[in-house]
Every structure is written in C-alpha cells, then in structure tokens.
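K.L.:
The structure is given below, and queries will be raised subsequently.
The values are calculated or read from the model by the stated rules, or taken from the named source; none is laboratory data. As the structure is a prediction and not an experimental result, all values here were calculated from the model. Because the Cβ atoms are built from the backbone with ideal geometry, glycine has one as well, and the counts that use them run over all protein chains shown. Heavy atoms of the whole protein, side chains included, go into the accessibility calculation; ligands, DNA and RNA do not. Shrake-Rupley method; radii C 1.70, N 1.55, O 1.52, S 1.80 Å.
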Amino acid sequence: MASKFINITLKIWRQKNSQAKGSMETYKLDHVSTDSSFLEMLDQLNEQLINERKEPIAFDHDCREGICGMCSLYINGRAHGPDTGITTCQLHMRMFKDGDTIYVEPWRSAAFPVIKDLVVDRSAFDRIQQAGGFVSVNTSGRTIDANSIPVPKTDADKAFEAAACIGCGACVATCKNGSAMLFVGAKVSQYALLPQGKVEAKNRVLNMVRQMDEEGFGNCTNTGACEIECPKGISLENIARMNREFLTAALSNED
Amino acid sequence: MALTGLFLCLFLVGHLLGNLQLIFITGEEGKRAFNEYAYFMTHNPFVKVLSYVTYLSILFHAIDGFLLTIKNKKARPVPYAYNNPGANSSTPSRYMALLGSLILIFIVTHMANFWWKMKFSSDPMPLHQVVVANPQSGAEETFYITHTGDYVPTSAFVGEGEMPAAMEVRNGTEFYLKEVNLKRGEGYKDLHSVVLSFFGQDKTKDGVPEKNEMALFAVLFYVIAMMVLAFHLWHGFASAFQSLGLNHKAYNKMIKMAGQTFAIIVPALFAIIPILLFMNK
Amino acid sequence: MSILDSKIPEGPIAEKWTNHKNRLKLVAPNNRPKIDVIVVGTGLAGASAAASLGEMGYNVKAFCFQDSPRRAHSIAAQGGINAAKNYQNDGDSIYRLFYDTIKGGDYRAREANVYRLAEVSGNIIDQCVAQGVPFAREYGGMLDNRSFGGVQVQRTFYAAGQTGQQLLLGAYSALSRQIGLGRVQMLNRHEMLDLVLVDGKARGIIARNLVNGEIERHSAHAVVLASGGYGNVYFLSTNAMGSNVTAAWKAHKKGAYFANPCYVQIHPTCIPVHGTNQSKLTLMSESLRNSGRIWVPKKKEDAEAIRAGQLKPTQIAEEDRDYYLERRYPAFGNLVPRDVASRAAKERCDAGFGIEANDTNEGVYLDFASEIKAKGKQAAFAQGDHDPSEEKTIELGKKWVEEKYGNLFQMYEKITDENPYETPMKIYPAVHYTMGGLWVDYNLQSTIPGCFVAGEANFSDHGANRLGASALMQGLADGYFVIPYTVSNYLADEIRTGKIPTDSPEFDEAEKKVKDLIQKFLTNNGSKSVDHFHKKLGLIMWNKVGMARSEQGLNEAIQEISALRDEFYKDVYVPGNADELNPELEKALRVADFLELGQLMARDALQRKESCGGHFREEYQDAEGETLRDDENFKFAAAWEYKGMDINQSELHKEDLKYEYIKIAARNYK
C-alpha cells in the first residue's frame, strides 16, 4: 500500500451553538496521507487549528469502525461521502485527489437540530424507539427456552438485515424530504418478522409512526436515495413492510 | 397518493381507449362513433359515478401532494450548500411535485378546452350533422342525427322568408316542433368536430366550431404535457406499489418494468393523436 | 486475613447463587419508587442493569457520554456470545463453560463468580430471543452456533459479524421501553466526573452536560458503574475514541480498589498501524482464524524485500514460509487463545520477520489461499465435478469465503485498499479488552458501599485472559441477572433514608473540585494539544507495558509517565470554553486519568513477578518462550488502594483465589 500525500481545500460548516447563525468556512490542509480515514484527516485539521490557536471543529464520532452510528457528515453532497456501503469513519482519503475541494456539512433536518459545527442532535430517533421499538418482555431471564419457537431462517435473516441499522441518520440526511421511514421501517420490520414481536405489532407501528410524524420528519416519496446511502444497505422492502403493517393496523384498529 | 394515483392510471387507460377512436375509426363512422361515445360517457349513470370519483381523485391527489410537499419542505429548513442527489436517486423521483403541478395546469386547460365546452359552456356546442345527397335531386342536404337514429333536416330549423322555422333546439340538444311543443328527438353534441378543429382540421360549418388558427401550439402543448406525464408516471407507477406495501423480491422488477412501459406507451399514444390529426388537416 | 471480603456464599458451587439469591433482602414494590439508582454507562451491562432496575420500579437515572445509549462500544463486538446451552449436543455443560473460562483466564479469576456466569449464560440467550434479537438460525428454525478459539465445543451464538450490535440493541430496546414508561430518565451526552460519598456510602455523582457544559449534581441511594474498559490508555486500541476510565478512576480515587490493572488483552488479528495520524485500530474477527493461516517469511531477506516493496507475499514459495503457530502449537494451530497468538506474532516481528512497512515493521500475514483451494475443491465435488480445473477450484473457493467472511473482507479492503482474496491480509495484535477493573465482591459491590460495578469495568470474571465471546456474556449476566438482585439487597436498608439532598458539603466539594480542574485546563495556556500527550502516553504503554514487560521497562515507564504527567499539567493547551460542547476539554479530563492509571498498570505489572494470560514478563518464561505462572506466590487478585497522586504510595491488597472445583494446572495448547 503505497502511501501518497495530497493537499486539499475544505469548506466546512461552522456554527457556534444551536442558536447561532452558521456559515461555510474555508480551510487548507496539506500533506494528508491517502491512507488516512476521513476523520483522521479532520483530526489532522483540528491539530493544525489548535496549533494556530483557533477553535477546532466539533464533529461526532466514536467507534471509528462503522458500527456505532455516531459519525455523520454530508461530504461533497452525499451522506457519509462519495463511497457507498460505509460510514464516514470508514471513508478513506484515497477517494480524493490532490487539489480537491471538499464540502463538509452537518445532517440537515428539522428533527436533527445542529448543536455545534457538524454535531447534530439525533435524540428524535431515541424517542421513536421509546414509542414502541421493543418487545414488552421483562428481563427476568425466566422466559421460555430460546429454541422453543422455531423461526424460519429466511425470516430470521431478514429480521437481522433490518436490525443491522446503526441509527446514524444518513437516510434522513440524504432524503430530499428529510424522511425517517427507512429507520422506522427497519425497526418495525425486525419485530414484525419475528414471532416474539408479532404480539404487539399493531400498536408498535401505529405508535412509532405517530412519534415519527411528531418529530417533524418528512414523508417518503420513494426516491430510494436512503437505500443507496445507507451504510448498512437497509432495503426499501422494510419501508414497504412498514406501510403494509401500518395500513392493516390503522384499518383494524379498535381503539 | 398511491390509491388515487393508481386509480388515475386506470382512468388514463379508459380515456386513451376513447381517444384512440379519433384515429382508428375515420370518416363519418368515426365521427358518429366518437360522438355517441361522448354521449354515453356523459349520460351513463355508472360512468357518471366513475367520473365523480375521478374528479375527487384528481383533487385529492393534487391537494395531498401539495400538503405533502409543504411538510417535506419543512422537514429540511436549511438546505445543503452542496448537494449531489443525482448520485442516489432518479431525476423524475425528485421532481414529482413540479411534474404534478404542470400536469394539473394541463388538466385545467384541457378541461376548459373540451370538458367545459361539452358540459357547461353558455356557447352552445355544435350538434352532430350529416350531409346526405338527395338521391333524386342530387342536391346535398344536411341533417341532424337523433338518438333514435332519425334524421332531422337542419333546414327545418331555419325560417324561409316569412315562414318561421318549424323546429327549434332547446336545452342545447333537444329538437322541438315549435307549434305543438313536442320533442321530436335529441341530437348529439359534436365533440368530434370540436376536437378535430382544435387540432387544426377544418370542420367548420358556419364558423361553428371555429377552426383553431393556433393548432400547432395546441399540438405542441399537448405533446409536451404528455412528456411531463411520462416522467411523472416513470416514478409514480412503481412508487404507488411501494407505498401500498407491495414490495416483493419476486415481483419488484416486474412492477418497475410494467410501470416504465406504462409511462412510455400511454403518454405516447395520447400524444400521437393530436399529431396525426394535425398532420391530416 | 485480607481486608477484602469477597462475600462468596457458602455451599457447593452449583448451589451458591441460588442459595444466595434466596437469602438476599428484597425491597417491596411500593417502596421501590422512593429509591433512586444511578447507572453510568449504557453498554451491555449498563443498559441491561438500568432496564432491569427500572422495570422493578426504582427511579433510575442512566448516563452515557454518547449522543444515544445505543452507541456504547459493546456494539462493536463481532464474533458472538457464549452460552452453555448444549444445543449442538457436543458435551457442553455449565461446568465446562466454567472450566474453560477459568482455564482461559490462566487461573486468575474467582471461581464462584465464573460459575455464576456460566450458570446464567443460558438465560441470556432465552432473554435475548424473547426480546427479538435476531440470532443466526439453521434451516430448521433452530439457533445456530459456531466455535471459537480455545474451546472444544460449539457454544457461541451469533448474528453474522455483528453480535455485539444485536445484543446491545436488544438491551437498548429494553431500556427504551423503560424510558418511554418514565421509569428511567436517560441523560445522553453526559459524562460522570466524580463520585460523591456521604458518610462513606456512594450517594451520587457529579456529571458534566457535554452540550452546554453545565456541571450537574445527581444524588441516588446507589450508583452502578458500567463504564467499560480502559484500553484507550494505549491511545491506539480497538476501543471507541470516547472509551475512557474516568468514571471508574474517580471511584478508585474515592476509595474503590482497582484490581489487576495490568491484565490487558491484546487481540491478535487487527489491521496493522499505517501512519502517525492513525487514530484507532480495527479488529478483524477472531473467526477468521478458522480459515486463515498465519505466517511470516522464513528468511529475513525475504521479509526485508517485502517491506521494501520488491517482493509480493504470493511470490514466497511454500517452503519459504513459516507458519509459526502451526509449528509451535500443533494441537491448536492457528486457533490458540488470543494472548498466545499475539505474543507469537510479536516474537516473529521482534526477530526481524515482520512484513509491514511501517515504523516498527509490525505485521504478519493471515493467508486464505489454502482454505480457498480446499473449500473450492469441496464445492466442486459437491457439484459432481471430481476433477476441477485450478481456476474453477479457486473461483468456487472464493465464493465460499465470500459467503462466510464477505463483510470482513470488504471492510479490510476499504481500509487497506488491498484485495484479501488475492493477497494475504496483513494483521498485527492490538489492545482490545481489559480484564482488570474495579475490585468487586460476589455482589458486584466495590469497596465503597453502594457503589456497584458491572461489565468490563469490574475485574471479576476473566482472570488474566478473556476467552472470545465471553465479554458479551458477562456484560448481560451482570446487568440482567446479578445487579437487580444484589443492588436490591443493598437498597433494602435504604427504604427509610429518604431523598438524598444534593446541597450537602460533600456535593459542594466534589463539584468545586471538578470546576477547578476544568478551569485549570482552560486557563493553562500551554503549547501542546491533548492528543500530543495521549499519543506519547500510548507509546510508553505499548512499548513497556504492552505485550511483553520487563522489570527495567516497567520502572522506566513509571518514571516516564510521571514526567509526562508533569509536562501535561504544565503545557497542555485546551481551547474553547467550559459552557459549550468542547471535545478537547473532554479529552483533557480523560487523559488526566489515563496518566494516573498508566502508572498503576506499570506498578501492578511490576509486582506480578510471573507471566499469566495477557500479562507476560520476559523474565518469567520457559525455554520455549511460554508463560511461567507462579501459583505459589501470585495466585491472588491484586487490589490497589489509592493513596494520592503519587502512584508509588498506592497500597496493594491481595485477595487469595481459592480453587476448590478446578484443579489448577499449567495451560497447555500444544
């Protein structure tokens, strides 16, 4: 792996806090290794800013291996940058060329207000989960034996594929409508596909969708952008399944 | 959106089949068939119900789409400084609201051109006439055709010198014997001629309907509108299935193919009619 | 007699936990809402504990520094979770899991705790399935299992390479349910900066709201710490960037003993370091060792040529490769436990056979070529082709590998830009897990009454080395099945206490100390960033308190860290303000604690004059370079008592480990 070094220009959204007005600022960064990850490049920029006694750029990140869902960033007009199937922390600088100008912005959504610079508040996702994203079973450990209800492998696999969602919010960020239906659809699907989740399926989908609407997310118009940009490749099938679940639940709701 | 959208797709098919008579059946037979069809469509109670459902669908589809668009705009108050949506979605899918609005404008003008005239206009519609040569004299006489298939000479509606006309048209289409106040029959509104004139053919009788001097623009407008419709359907057809939860690995490709085929063929056939009419003027 | 009372219940080991539970005190349902409990951390242990306590009816406040409880680093565990279900009918049992864990931990774990862990392991799987965790299944609809390093049964349950994620999301869903019901108050983006003791009992915490910088007081009748491990003391590790020791360290400074800090697990299969700006190391699942063969060139000149880019690994002939694990450990081969595999890699690289062209030449090959050929041939035979061409064999073999490890191979390629189907992976050990942690008794209570510690943050179950797929098991066992009982037992005496006021002098003092420290950092006006110091600390730790330790190196480390700490307080520059989101300030507060912990780790390693599990002292090895344990003198858990900033003053307390049910023996994987 031959290391190369490139010089880049960055245009980055800076915003002091949630109340302040923000703007795009320009930074030059030299000698960036193409083996660096995108976030390591930002570390390097921050080190440079600190040495210049300027305020470093705040951005969310944690595991840096593409699973915690904490990193975000809208890079050159795309959620998690130009590569697909990865999060920003897995994006590497070899995707860019010497002399490139790179735009870096926070997720833009009414439901994800900016906290500072590139950091946004995604607690709306937590609240949707709290509205019904669970199976109501107490944690006694005295449930029935794990193998007493066989689950068809295809259902289990599909439930897993839906459950692979990392809750990063790229779907919302990339959707022209700021819709969270891929996120909610994935959660609804995971439980709808498993016998353990079926009992509460109707209330779950109604409650989660209600909460989703209250949070101010937009509606799905099936552009399919979320599926393309989702780092975990969550399928649109999950949105369809949620629609199905929602329609049947809404039509048969007795409350 | 999905249900109304799919219903409107069905409506498009029905409408198209009716329209295709304009080019597939020619001459007097075509005119008669088309005008009879127009009469049927405006008088059959079942069709009437269906038409109200269609009006409501259009309204609902437009209003719901409008509200949806507003809500979706609100969901992203601050736009991206740099965005590259082309990387992850098709162009039509991102402009459904705009395409829909253009289609709505088209529908309004389209209805003003034909539907309004047919139903409400204070200007009376021309009635279906047929010219027959008198087998004895060889002179050409003009008749109205009634629903019962009778021929009523148009001359009966015109006075001659001191003599007043024997008959008159009441309520746009009903033929009355003036003296005895008796209905003799009912004529067909001649939508066929209205359409043909609109697209540039010279069908005027005594200046009714007026020949459209701007027919070329009318044709162009209709063709462009159908292209817009094609783009709208390109995304909308399959999208409706997804919204209704009909997504299955085994059928997704088929639905998409069907949608795209529909999106090309239906608007294309619609568009071809004014073009042919215009070329045959 | 040690002052450490492990409170191990009497009776036969298989009945200890049941008998103990039967005797623990209870809090009546109507009294529970009057009692507050704080849970710090929302990983597997924290989320499950908070959910269970909330469910019981206590007033729970849960804290995490991330933006959501779902992000805790448990999420990154790939391989699986062990449970003695014996679904595969291969002779597994609670006793065997117990035995394997004790042996894997090199006989440095407490028997009673480990037995309990094995005992409740089955419940974890039942619980998770009931919660809708989508474990992998077979075509018959039953749960699937895979095997893992160091054991001879198939007892690992998994969900592709994302088992930790699925389990954490399961615990998060249970927690979310309680938050939705109002029984747990969740405080995201909050970091605990001190533990508050009133009359010697843990009565609350000081936390900083990371968004607006506010220093908050939170009181409770008991505090549960589930704040994870301290691997980030090495700067480069497989831990998340935010993982830190601060919560545990503050408790340590307030009187909780810190046990076995020198036990660190170095995972053998991570992607090697590539450059100075690297921020973290990425793990490649242990499961890869099922199919990959680890090797370096036999000839030094070949290794040099590879590093210089003149030779490719595929050009090295079979007879010129040294499959050193297969050579040294023929019985277990590439599937020896983690500590053994890691040390063997280091041994080869130190001897000059490393193949990675980085500063330290540290890297070895993990080669799938043999497996691709073998599986390709199998697949061809299965298709009825008994004489497949070379190309067809390789094509089918690659397909098999892709099915099994596709996502890992893709991840590797994204990071390194090399295709592991064509050329062997480069790997090297990296810091992964810390077996040490706050000392706890059988009830998971630290030496501070009312301060409980769960998950990786405590020291209790893994001894000197953790087996693969056991961390997830421990986190959930602690949170779901132990903490609810033992915390209730403690709280039974608190029903008359009433609300703990937060305006007491103890809270005043703790808050002032936190505020002063923050003020000090912000006005320090030094010249170097926090990362500068953290990286330096990491290098000292990696080189001298890493995979191989020596008396001299450890003494040097203590000195060097001491000097580095002085320099840190003098010269660190922390930009920004106290009343805003300030990641640099967060880092400074964490590194300050790492600088103390690092020293304690070195001191602990220094006193442990033996080699065991993850702790390898160069002076204590046999002729073949294997670990030499000294059961005579070191069969104890080392619990350190804090006595001020000078770590040399910290006092060592020993908890003797008694092995009544397992015969203590040398670990042998040959």
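K.L.:
Failed condition for A:S3, given (1) surrounded by fewer than 17 Cβ atoms within 10 Å (Cβ to Cβ); (2) part of a loop (DSSP other than H, G, I, E, B); (3) at pLDDT 95 or above, with all others met?
P.N.:
(3)
K.L.:
Continuing with this model, one more query. Please work out which one of (1) open to solvent by 10 Å² or more (accessible area, probe 1.4 Å); (2) part of a loop (DSSP other than H, G, I, E, B); (3) modelled with pLDDT of 95 or more is the condition C:H274 fails and give its number.
P.N.:
C:H274 satisfies all of (1) open to solvent by 10 Å² or more (accessible area, probe 1.4 Å); (2) part of a loop (DSSP other than H, G, I, E, B); (3) modelled with pLDDT of 95 or more except (3).
K.L.:
Could you list all residues from the stretch B:135-188 that are in contact with a helix residue (DSSP H, G or I) (Cβ under 6 Å, 6 or more places away or on another chain) and either among the acidic types (D, E) or surrounded by fewer than 16 Cβ atoms within 10 Å (Cβ to Cβ) (or both)?
P.N.:
Result: B:T142, B:A165.
K.L.:
Something else about it: Evaluate the stretch A:56-66: report whether one residue or more is open to solvent by 10 Å² or more (accessible area, probe 1.4 Å) and either within 14 Å of chain B (Cβ to nearest Cβ) or polar (S, T, N, Q) (or both).
P.N.:
no
K.L.:
Next question. Kindly provide the set of residues from the stretch A:67-83 that are more than 10 Å from chain B (Cβ to nearest Cβ), without any contact (Cβ under 8 Å) to a residue 60 or more places away in the chain and not small (G, A, S), ordered by number.
P.N.:
Narrowing the stretch A:67-83 to residues more than 10 Å from chain B (Cβ to nearest Cβ): A:67-73, A:80-81, A:83.
Remaining after also requiring without any contact (Cβ under 8 Å) to a residue 60 or more places away in the chain: A:73, A:81, A:83.
The answer is A:L73, A:D83.
K.L.:
Further question: Select from the stretch C:627-663 the residues that are farther than 28 Å from C:I13 by Cα and either open to solvent by 50 Å² or more (accessible area, probe 1.4 Å) or touching a residue at least 60 places away in the same chain (Cβ under 8 Å) (or both) and list them in ascending order. Give the steps one after another, and end with the answer.
P.N.:
Just the residues of the stretch C:627-663 that are farther than 28 Å from C:I13 by Cα, to begin with: C:627-628, C:641-652.
C:T627, C:L628, C:E641, C:Y642, C:K643, C:M645, C:D646, C:I647, C:N648, C:Q649, C:E651, C:L652 - these are the residues of the stretch C:627-663 that are farther than 28 Å from C:I13 by Cα and either open to solvent by 50 Å² or more (accessible area, probe 1.4 Å) or touching a residue at least 60 places away in the same chain (Cβ under 8 Å) (or both).
K.L.:
Working only within the stretch C:77-97, note down all residues that are of a type in the set (A, V, I, L, M, F, W, C) and crowded, with 24+ Cβ neighbours inside 10 Å. It would help to see each step written out before you state the result.
P.N.:
Of the residues in the stretch C:77-97, the ones of a type in the set (A, V, I, L, M, F, W, C) are C:77, C:81, C:83-84, C:94, C:97.
Selection gives C:A77, C:I81, C:A83, C:L97.
K.L.:
Related question: Quick check on A:Q44: is it in a helix (DSSP H, G or I) and at the interface with another protein chain (Cβ under 9 Å from one of its Cβ atoms)?
P.N.:
On the way: in a helix (DSSP H, G or I): yes; at the interface with another protein chain (Cβ under 9 Å from one of its Cβ atoms): yes.
Answer is yes for this residue.
K.L.:
Could you please find all residues in the stretch A:158-182 being farther than 21 Å from C:D67 by Cβ and either open to solvent by less than 10 Å² (accessible area, probe 1.4 Å) or more than 13 Å from chain B (Cβ to nearest Cβ) (or both)?
P.N.:
Matches in the stretch A:158-182: A:A159, A:F160, A:A162, A:N177.
K.L.:
Determine which single condition C:E641 fails, assuming it passes every other condition in (1) more than 25 Å from the chain's Cα centre (by Cα); (2) of a type outside the set (F, W, Y); (3) closer than 16 Å to C:W249 by Cα.
P.N.:
Every listed condition holds for C:E641 apart from (1).
K.L.:
I'm told C:D106 meets every condition in (1) open to solvent by 10 Å² or more (accessible area, probe 1.4 Å); (2) of a type in the set (D, E); (3) closer than 26 Å to C:R338 by Cβ except one. Can you identify the failing condition by its number?
P.N.:
The one condition C:D106 does not meet is (1).
K.L.:
For the stretch A:193-223, which residues satisfy the criterion of being within 11 Å of chain B (Cβ to nearest Cβ) and either open to solvent by 10 Å² or more (accessible area, probe 1.4 Å) or among the charged types (D, E, K, R) (or both)?
P.N.:
Listed by number, the residues that qualify are A:D213, A:E215, A:G216, A:N219, A:C220, A:T221, A:N222, A:T223.
K.L.:
Now for a different question. Scan the stretch C:305-318 and tell me whether some residue there is among the charged types (D, E, K, R) and buried (at least 24 other Cβ atoms within 10 Å of the Cβ). I'd like the intermediate steps shown before the answer.
P.N.:
The first filter runs over the stretch C:305-318 and keeps only residues among the charged types (D, E, K, R), leaving C:307, C:312, C:318.
Narrowing further to those that are buried (at least 24 other Cβ atoms within 10 Å of the Cβ): none.
No, the stretch C:305-318 contains no residue that is among the charged types (D, E, K, R) and buried (at least 24 other Cβ atoms within 10 Å of the Cβ).
K.L.:
Somewhere in the stretch C:239-248, is a residue surrounded by 24 or more Cβ atoms within 10 Å (Cβ to Cβ) and part of a helix (DSSP H, G or I)?
P.N.:
Yes, the stretch C:239-248 contains at least one residue that is surrounded by 24 or more Cβ atoms within 10 Å (Cβ to Cβ) and part of a helix (DSSP H, G or I).
K.L.:
Continuing with the same structure: Every residue in the stretch C:537-558 that is in a helix (DSSP H, G or I) and surrounded by 19 or more Cβ atoms within 10 Å (Cβ to Cβ), please. Working first, answer last.
P.N.:
Let us first name the residues in the stretch C:537-558 that are in a helix (DSSP H, G or I), namely C:537-544, C:551-558.
Correct list: C:L537, C:G538, C:I540, C:M541, C:W542, C:K544, C:G553, C:L554, C:A557, C:I558.
K.L.:
Same structure, new question: Those residues that are more than 17 Å from B:T26 (Cα to Cα), free of Cβ contacts under 8 Å to residues at least 12 places away in the same chain and of a type outside the set (V, I, T), I need them from the stretch B:184-221; list them, please.
P.N.:
Passing the criteria: B:D206, B:G207, B:E213, B:M214, B:F217, B:L220.
K.L.:
Can you find, within the stretch A:84-101, the residue that is nearest to the other protein chains (Cβ to nearest Cβ) among those that are open to solvent by less than 20 Å² (accessible area, probe 1.4 Å) and within 13 Å of A:V32 (Cα to Cα)?
P.N.:
A:H92
K.L.:
For the stretch C:59-88, which positions are part of a loop (DSSP other than H, G, I, E, B) and either over 30 Å from C:G149 (Cα atoms) or away from chain A (no Cβ under 12 Å) (or both)?
P.N.:
Answer for the stretch C:59-88, where residues must be part of a loop (DSSP other than H, G, I, E, B) and either over 30 Å from C:G149 (Cα atoms) or away from chain A (no Cβ under 12 Å) (or both): C:C64, C:F65, C:Q66, C:D67, C:S68, C:G79, C:G80, C:A84.
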